[in-house]
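S.K.: Quick one: structure below, then a few questions.
The values are calculated or read from the model by the stated rules, or taken from the named source; none is laboratory data. Keep in mind that this is a model prediction, so the values were computed, not measured. Methodologically, a virtual Cβ is constructed for each residue, glycine included, from the backbone with ideal geometry; neighbour enumeration extends over all protein chains shown.
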Number of protein chains: 2
Amino acid sequence: MTAVSTPSRIDPPRRILMGPGPSEIPSQILAALAAPTVGHLDPYFLKIMDEMQTMLRSVFMTHNQLTLAVSGTGSAGMETCVVNLIEPGDKMLVCVNGVFGGRMADVAGRVGAEVTTIERPFGEVFSPEEIEAAIKKSRPEVVGIVHAETSTGAWQPIEEISKIVHAHGALLLVDCVTSLGGVPVLIDDWEIDAAYSGTQKCLSCPPGLSPVTFSPRAIDVIDRRKTKVSSWYLDMNLVKNYWGSDRTYHHTAPINMNYALHEALRLALVEGLPARHDRHLRNHLALKAGVKAMGLDYSVKEPHQLPMLNSVTIPAGVDDAAVRKQLLNQFGIEIGGGLGPLKGKTWRIGLMGEASSERNVLLFLAALERCLLDQNFKVSPGAGVAAANGQYRG
Amino acid sequence: MTAVSTPSRIDPPRRILMGPGPSEIPSQILAALAAPTVGHLDPYFLKIMDEMQTMLRSVFMTHNQLTLAVSGTGSAGMETCVVNLIEPGDKMLVCVNGVFGGRMADVAGRVGAEVTTIERPFGEVFSPEEIEAAIKKSRPEVVGIVHAETSTGAWQPIEEISKIVHAHGALLLVDCVTSLGGVPVLIDDWEIDAAYSGTQKCLSCPPGLSPVTFSPRAIDVIDRRKTKVSSWYLDMNLVKNYWGSDRTYHHTAPINMNYALHEALRLALVEGLPARHDRHLRNHLALKAGVKAMGLDYSVKEPHQLPMLNSVTIPAGVDDAAVRKQLLNQFGIEIGGGLGPLKGKTWRIGLMGEASSERNVLLFLAALERCLLDQNFKVSPGAGVAAANGQYRG
């Protein structure tokens, strides 16, 4: 309003994105993002949507018809799943062992769910037994849990829990934001009823869309709702008619973001999911070998360490913010700090999608060594890189 | 899931986007969209967010502190405004003269508003008097109205209505999706309390974000809420802490879409708003001269014809779908069909942002002549182009 000089053009620094997401974006995906925009009802775009649905089913390992990309980020995907499954007064059990479980409980409460939470300290996972006990107590219609807690790096096993949830007649909602594309997410085999993910983690696409999938059981619940979904924008009854054969206009889809996700899914399938998961694991093991050789340790116990999100305990006497700032300013490397009770206590080192590479592991270990030395933390010189190379060479 | 061949890379046809949006995207904006992704808390991105807020205030002609881009399309912006201002049981009056007024009423009802609507036939606008009468009857807390009805091409005057709304102690919520960047939108002068727009209309940015702005009065209402906003994703109490000086993490912003909007706003301000509005008007007048010379007419009466969205009545005997298909397949030109009661009765010809150009007006008139001749509709050869050129030459 007031006369100001017009800002300069976008000219971002070239970062190496090793935080909790966004991750590095392959050039093919940025190129797809910048392809010429077409209309949201253009025959070409409708074909792209069909292909995306097919590819999303492949990546989610599901036959679910209702599988599509919500026009918002992962948190919009979370909200989509919750608000479509929950009616006011419904009971929902949410398993909270990090920020995103807590967020799910908040989202559910806002639309009138009677929310019960069970909690685990940040960095731990839930056992099937404790979830069964909680289900017996609160008798929920929906159980929500996070597969890969981005805030802690904890990897929650899902399969046994799913059996228990279904034995008690509830639906299982799973946050797969950080897991999809990095570790197996078997929607059909594990009988997950609703799941959401994000584009900017192991799919290595810019943030902006959220893949979601709903089982026939979940659709049946949505179809039998007595109340309208609280959100018009995220109402699957409306959205599915645009993605389905009706092609009824709902909202203007984010065309170019869908181009980018299309290319991201394509690249994931060209690599092959097993190969992609192996790559995430291999780089995680090398990073871990290096980190341990430098005298640091993971804040999540084995076997629950996520390969794509490595939570490392910050050693006593080392300044969290100073190290992250040095990594960013001197080496252009972004890593994440801790969230909630882990703030100042852990670093979150992402090896997601394109960022999960030998190159990044070696550079990061070399750069971290420098930062730790500058903090007067005693590191055996070269030990991190040597251990990682040893791990790679097998 | 089943073995399918991987789709080809994104390779869209090159369209001339003269529909109701998305509009054509300048190459500088596509380039910004594809700039290297950085993290959502990267110092560079925080600077970009600050610059965007400043530029959004300039484009909205407001000093409103709470002015930012919601991480969803225009409909998410609508939902943001409604769900933040409305608590269950609040009374809202919605003025419905097209699809988007109807949508606003739907959104408000879902979050528990007691919604009253007043209606006008598609293509007409509301008078201050009828709105005052409706306000006196229903005593609403919020009045919602559409500045530029994308579904009809009607241009609703706002200023007088705003005075009436405020005289009765209500807040004014205005849909500026299609107007912003194409005709004056004077948030402060007109005392609009909440407004939302889209990126893919007269700002000529791909779809995916929604600029919103809230007046101090509106913020006061939000601050005094007794209930949580129904949507976590769109809760301004949370979102504003990320866009504000706190920088509290809320959700991962769509980084690259924000780059694109940054460049779109920059280009709009470099052109200058008055020049940009003049350009939209000039091309509208030329198009109208051409369309009339071909024997067609507008379905909205003067002076309520939107310059950026020209609703033209389809002449008797001319096949709506066939003409639009021919325009698309033979000339790569997208225009929109009618919505709701105007389906099959009007064409919606967009001259939005970059698409508002002499080149597009002349090409469209020439191509439409061809289509009409192929439909055996009697057109005086060359009359449309001649009239448009005459209009341009003054």
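Okay, residues lined up against (1) within 22 Å of A:I333 (Cα to Cα); (2) touching a His at 6+ places or on another chain (Cβ under 8 Å); (3) more than 8 Å from chain B (Cβ to nearest Cβ):
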| residue | (1), (2), (3) |
| --- | --- |
| A:D11 | yes, no, no |
| A:R14 | yes, no, no |
| A:E24 | yes, no, no |
| A:A31 | no, no, no |
| A:A34 | no, no, no |
| A:Y44 | no, no, no |
| A:K47 | no, no, yes |
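S.K.: Inspect all residues belonging to the stretch A:79-90 and state whether any of them is assigned to a loop (DSSP other than H, G, I, E, B), small (G, A, S), surrounded by 20 or more Cβ atoms within 10 Å (Cβ to Cβ) and at pLDDT 95 or above. It would help to see each step written out before you state the result.
M.R.: Kept after step one, since they are assigned to a loop (DSSP other than H, G, I, E, B), are these residues of the stretch A:79-90: A:86-90.
Adding the requirement that they be small (G, A, S) leaves A:89.
Pick out the ones that are also surrounded by 20 or more Cβ atoms within 10 Å (Cβ to Cβ) and you get none.
No.
S.K.: Here are B:L309, B:L281, B:L296: which of them is more than 10 Å from chain A (Cβ to nearest Cβ), closer than 26 Å to B:M55 by Cα, among the hydrophobic types (A, V, I, L, M, F, W, C) and surrounded by fewer than 23 Cβ atoms within 10 Å (Cβ to Cβ)?
M.R.: Working: B:L309 fails: surrounded by fewer than 23 Cβ atoms within 10 Å (Cβ to Cβ); B:L296 fails: closer than 26 Å to B:M55 by Cα.
The conditions single out B:L281.
S.K.: What's the number of the only condition in (1) surrounded by 20 or more Cβ atoms within 10 Å (Cβ to Cβ); (2) free of Cβ contacts under 8 Å to residues at least 40 places away in the same chain that A:E132 fails to meet?
M.R.: In the conditions (1) surrounded by 20 or more Cβ atoms within 10 Å (Cβ to Cβ); (2) free of Cβ contacts under 8 Å to residues at least 40 places away in the same chain, A:E132 misses (1) alone.
S.K.: For the subset of the stretch B:182-191 comprising residues that are aliphatic (A, V, I, L, M) and closer than 9 Å to B:F60 by Cβ, which member is nearest to the chain's Cα centre (by Cα)?
M.R.: First pass over the stretch B:182-191, keeping only residues aliphatic (A, V, I, L, M): B:183, B:185-187.
From the residues that got through so far, the ones that are closer than 9 Å to B:F60 by Cβ too are B:185-187.
Details: B:V185: 11, B:L186: 15, B:I187: 15 Å.
So, considering only residues that are aliphatic (A, V, I, L, M) and closer than 9 Å to B:F60 by Cβ, the one nearest to the chain's Cα centre (by Cα) is B:V185.
S.K.: Here is a follow-up. If you take the residues of the stretch A:212-263 that are outside any loop (DSSP other than H, G, I, E, B) and among the basic types (K, R), which of them is nearest to the other protein chains (Cβ to nearest Cβ)?
M.R.: First, pick out the residues of the stretch A:212-263 that are outside any loop (DSSP other than H, G, I, E, B): A:212-214, A:216-223, A:236-243, A:255-263.
From what's left, among the basic types (K, R): A:217, A:240.
Values: A:R217: 17, A:K240: 16 Å.
Residue satisfying both the conditions and the ranking: A:K240.
S.K.: Here's a follow-up. Can you pull out the residues in the stretch A:135-165 that are among the polar types (S, T, N, Q) and surrounded by fewer than 20 Cβ atoms within 10 Å (Cβ to Cβ)? Before the answer, list the steps.
M.R.: Our first condition is that a residue be among the polar types (S, T, N, Q); within the stretch A:135-165, this holds for A:138, A:150-152, A:156, A:162.
Scanning the stretch A:135-165 gives a single hit, A:S138.
S.K.: Looking at A:V38, A:V70, which one is more than 8 Å from every other protein chain (Cβ to nearest Cβ) and not hydroxyl-bearing (S, T, Y)? Quick ask: steps written out before the conclusion?
M.R.: On the way: A:V38 fails: more than 8 Å from every other protein chain (Cβ to nearest Cβ).
Residue meeting the stated conditions: A:V70.
S.K.: Which of the residues that make up the stretch B:114-138 are polar (S, T, N, Q) and assigned to a helix (DSSP H, G or I)? Working first, answer last.
M.R.: We begin by selecting, within the stretch B:114-138, every residue polar (S, T, N, Q); these are B:116-117, B:127, B:138.
Selection gives B:S138 alone.
S.K.: Would you check which residues across the stretch A:326-339 are within 11 Å of another protein chain (Cβ to nearest Cβ) and more than 13 Å from A:G19 (Cβ to Cβ) and list them?
M.R.: Answer for the stretch A:326-339, where residues must be within 11 Å of another protein chain (Cβ to nearest Cβ) and more than 13 Å from A:G19 (Cβ to Cβ): just A:N329.
S.K.: Keeping to the stretch B:335-394, report how many residues are assigned to a helix (DSSP H, G or I), under 22 Å from B:R279 (Cα atoms) and not aliphatic (A, V, I, L, M).
M.R.: The number of residues fulfilling the criteria is 12.
S.K.: Please go through (1) surrounded by 15 or more Cβ atoms within 10 Å (Cβ to Cβ); (2) touching a residue at least 40 places away in the same chain (Cβ under 8 Å); (3) under 25 Å from B:R324 (Cβ atoms) for B:T37 and return the number of the only condition it doesn't satisfy.
M.R.: Here B:T37 meets the rest and fails (3).
S.K.: Among the candidates A:V111, A:V107, A:V115, which residue alone is facing another protein chain (nearest Cβ under 7 Å), aliphatic (A, V, I, L, M) and without any contact (Cβ under 8 Å) to a residue 40 or more places away in the chain? Spell out how you get there, then give the answer.
M.R.: On the way: A:V111 fails: without any contact (Cβ under 8 Å) to a residue 40 or more places away in the chain; A:V115 fails: facing another protein chain (nearest Cβ under 7 Å).
Result of the check over A:V111, A:V107, A:V115: A:V107.
S.K.: Shifting gears a bit: Just checking, which of A:T178, A:T213 is β-branched (V, I, T) and under 9 Å from the mean Cα position of the chain (by Cα)? First the steps, then the outcome.
M.R.: On the way: A:T213 fails: under 9 Å from the mean Cα position of the chain (by Cα).
After ruling out the rest, the residue left standing is A:T178.
S.K.: A:H63 passes all but one of (1) touching an Asp or Glu at 6+ places or on another chain (Cβ under 8 Å); (2) buried (at least 19 other Cβ atoms within 10 Å of the Cβ); (3) at the interface with another protein chain (Cβ under 9 Å from one of its Cβ atoms); which number fails?
M.R.: All conditions are met except number (2).
S.K.: Mind listing whichever residues of the stretch B:139-172 are in contact (Cβ under 8 Å) with a residue 60 or more places away in the chain, assigned to a loop (DSSP other than H, G, I, E, B), closer than 22 Å to B:G109 by Cα and among the small types (G, A, S)?
M.R.: Those that are in contact (Cβ under 8 Å) with a residue 60 or more places away in the chain, assigned to a loop (DSSP other than H, G, I, E, B), closer than 22 Å to B:G109 by Cα and among the small types (G, A, S): B:S151, B:A170.
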